[in-house]
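Chemist: Dumping the structure here so I can ask a few things about it.
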Amino acid sequence: MGELAIEIRNLLKDFPVGMRGKQVRALDGLSLEIEAGQIYGLLGPNGCGKSTMMKLLLGLIRPSRGAAHIFGMHAGSLGARRVLGYLPEVPHFYRFLTGRELLNYYSRISGVPRREREAQIMCALGQVGMESAASRCLGTYSKGMLQRIGLAQALLHDPKLLILDEPTAGVDPEGTDGIGKIIRALKGQGKTILVSSHLLGQMERLCDRVAILNKGRLLCEGSVDDLLTREGTAAFVANGLDASGRSAVEAAIEAAGGELCEVAPARRGLDALFSRTIKEETEGMS
Amino acid sequence: MLRLDQILAVCGLTFTEAVRQKFFYIVLLMGAGMLLGAGYFQQFDFGVDELKFVIDFSFGTLFFLGSILVIAASTQLFYSEIENRTAHTLLAKPIRHFDFILGKFFGVQLLMLIFVILLCGLMTVLLFLRVRALPVVEVDGLVHYGEIWLYGLLQWARFGVLSAACLLVGSFARSYLYTMMVSFLFMLVGQLQYIARESHSEITWLPLRWLVQVFAGIFPNLQIFNVGDQLGHMNATGLTSLIAISMLLYAAVYAWVYLCLAWWNFKRREL
């Protein structure tokens, strides 16, 4: 096993609710290990504990029991916060600042040395494709642009780990696709990315490993390929077969001792259709 | 070096955010309007008595509007970071909670410094013009201009105590309104606290006496900053340097203690 980026041991988090101090359990004995250099997806319904887990890793809340470590450092410590970047689900920034001013502010907070600041800001803007809008006030940004500038602020101090809480929430499919490409590029730079999303199709294409949580408990965890491949089955996609051809294939499968489970027309995903249609339209206009 | 830069960054942004709000300009304009209007209260006596009135009225304006501004600004600029969740992205960065609190405090103090300088500057100009227009031969010494600025400095120190108290309240409050109300109440208690101090010596029942003593220690005696009568005008007795420095130290100690308590609370607060 390689270096562990995140190590969570028996994490439990209770939130007091109401005047009587009744406890609601958000995380229930969660244990997880995430290797460095991976894109790791957190899946689960609303309220399953994804954001709570991320907040615990950031030190914004404290565990009721258990512990979490980031690259061997206690989650929430200054050392741990130096090696991570965070994009919240709904990034709220100072609307009166321009994109560049915001990044300058966050680079100072992140401890980027003055002489490296400008280069780091330009690099982060370039990574998220926001150079042209950097001089505009954040108040004029679209949702997708806010997510991108939010991602840029997370990248400013060149962190080893990125924690992205639903980075594509409220973003159109094209923007979602763009953020997906940025995340893949970041993985290419050797960064570890912990990402949560409700867009299962995108997570399937993006993540190396995923974990599914529900009611604060880990239901399953593993590599995307391992979790989605049905043991002992294979899928063939054929084109131009007539009825006799299909019969011949079915007979061949039977003759080889196999069992034909399902015959269905091959479909592309709706997001793929959307992206292709928009791309064709854009290319047609240009 | 890094910590100082982080504190300055938070301070700078806090100040920028504050001066972009209309509220600051409204309070500033109100203050300027009241100072300009003070000279036109013709029912009061002319000459030296008029000057005393103008000085008292101007000091009152600085005290009153400054108190409103510092509580509103501290509450807004600190609590909005929690409410708008900008604190989430900020505190996920390697910044200490104490540095964040200090940055906020200095940002508000910078705002209040600008406010005090502008009002004291206007006060000085208006009094200078009024003195020149008076039908008296000897105008020197009618107004002690330096003491106007000393009053401004002492009020700025008092605003510092209030600002630190607001940050302390904001560190545990769950709503903006609650923070505002409790902060105003705090100011009121601080202003009236001298009553408790005076009655303390008359209490014979020891537990109650201790309780009053503890109470008097928790809240600063803001009444000591009401030195307007001793400053500015011809007959004012003035303040010795020792007293002025003692008052500044008194404010600094209370502000520091409140900032430490605010940090202690804020660090434990779950965002």
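Chemist: Specify the residue that is farthest from the other protein chains (Cβ to nearest Cβ); the eligible residues are those in the range A:149-174 that are of a type in the set (D, E, K, R), surrounded by fewer than 20 Cβ atoms within 10 Å (Cβ to Cβ) and touching a residue at least 40 places away in the same chain (Cβ under 8 Å).
Modeler: A:Glu174
Chemist: Taking only the range B:217-271 into account, find how many residues are closer than 19 Å to B:Leu150 by Cα and more than 15 Å from the chain's Cα centre (by Cα).
Modeler: 18
Yes/no per residue for (1) among the charged types (D, E, K, R); (2) within 14 Å of chain A (Cβ to nearest Cβ); (3) buried (at least 24 other Cβ atoms within 10 Å of the Cβ); (4) within 14 Å of B:Phe266 (Cβ to Cβ):
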position: B:Ala73; (1), (2), (3), (4): no, no, yes, no
position: B:Ile82; (1), (2), (3), (4): no, yes, no, yes
position: B:Arg85; (1), (2), (3), (4): yes, yes, no, no
position: B:Lys93; (1), (2), (3), (4): yes, yes, yes, no
position: B:Arg96; (1), (2), (3), (4): yes, yes, no, yes
position: B:Asp99; (1), (2), (3), (4): yes, yes, no, yes
position: B:Leu102; (1), (2), (3), (4): no, yes, no, yes
position: B:Gly107; (1), (2), (3), (4): no, yes, yes, no
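Chemist: Sticking with this one: When the residues of the range A:214-259 are narrowed to those that are farther than 30 Å from A:Leu30 by Cβ and among the hydroxyl-bearing types (Ser, Thr, Tyr), which ends up surrounded by the fewest Cβ atoms within 10 Å (Cβ to Cβ)?
Modeler: Per the stated criteria, the residue is A:Ser244.
Chemist: Could you list, ordered by first residue, the pairs with Cβ atoms under 6 Å in which the first is in the range A:105-126 and facing chain B (nearest Cβ under 7 Å) and the second is β-branched (Val, Ile, Thr), at least 6 apart or interchain?
Modeler: Once the first residue is facing chain B (nearest Cβ under 7 Å) and sits in the range A:105-126, its partners that are β-branched (Val, Ile, Thr) give A:Ile109/B:Ile95.
Chemist: Outside any helix (DSSP H, G or I), among the aliphatic types (A, V, I, L, M) and over 21 Å from B:Met247 (Cα atoms): is that true of B:Ile95 in this structure?
Modeler: The answer is yes for B:Ile95.
Chemist: A follow-up question, please. Within the set of pairs 6 or more residues apart or between chains, which connect a residue that is among the small types (Gly, Ala, Ser) inside the range A:216-234 to a residue that is assigned to a strand (DSSP E or B) with Cβ atoms less than 6 Å apart?
Modeler: Partner pairs satisfying both residue conditions: A:Gly216/A:Arg25; A:Gly216/A:Ala26; A:Gly216/A:Leu27; A:Gly216/A:Asp28; A:Ser223/A:Arg209.
Chemist: Let me ask something else about it. From A:Leu56, A:Leu12, A:Leu78, A:Leu84, grab the single residue that is surrounded by fewer than 18 Cβ atoms within 10 Å (Cβ to Cβ), in contact with a Pro (Cβ under 6 Å, 6 or more places away or on another chain) and not β-branched (Val, Ile, Thr).
Modeler: Exactly one of A:Leu56, A:Leu12, A:Leu78, A:Leu84 is surrounded by fewer than 18 Cβ atoms within 10 Å (Cβ to Cβ), in contact with a Pro (Cβ under 6 Å, 6 or more places away or on another chain) and not β-branched (Val, Ile, Thr), namely A:Leu78.
Chemist: When residues of the range A:77-104 are filtered for being acidic (Asp, Glu) and either facing chain B (nearest Cβ under 7 Å) or over 21 Å from A:Thr192 (Cα atoms) (or both), how many remain?
Modeler: So the answer is 1.
Chemist: Which of the helices (runs of 4 or more DSSP H) contained wholly in the range B:132-225 include at least 3 residues that are loosely packed, with under 12 Cβ neighbours inside 10 Å?
Modeler: B:176-200, B:206-218
Chemist: Keeping to the range A:176-199, report how many residues are within 28 Å of A:Asn10 (Cβ to Cβ) and not in a strand (DSSP E or B).
Modeler: 3
Chemist: Could you say whether any residue in the range A:51-71 is at the interface with another protein chain (Cβ under 8 Å from one of its Cβ atoms), of a type in the set (A, V, I, L, M) and either touching a Lys or Arg at 6+ places or on another chain (Cβ under 6 Å) or farther than 30 Å from A:Cys137 by Cβ (or both)?
Modeler: Yes, the conditions are met somewhere in the range A:51-71.
Bear in mind these aren't lab numbers, they're just calculated from the coordinates by the rules spelled out. On a predicted model such as this, the values are computed, not experimentally measured, just so you know. Cβ coordinates were reconstructed from backbone atoms using ideal geometry, including for glycine residues, and neighbour counts include every protein chain displayed.
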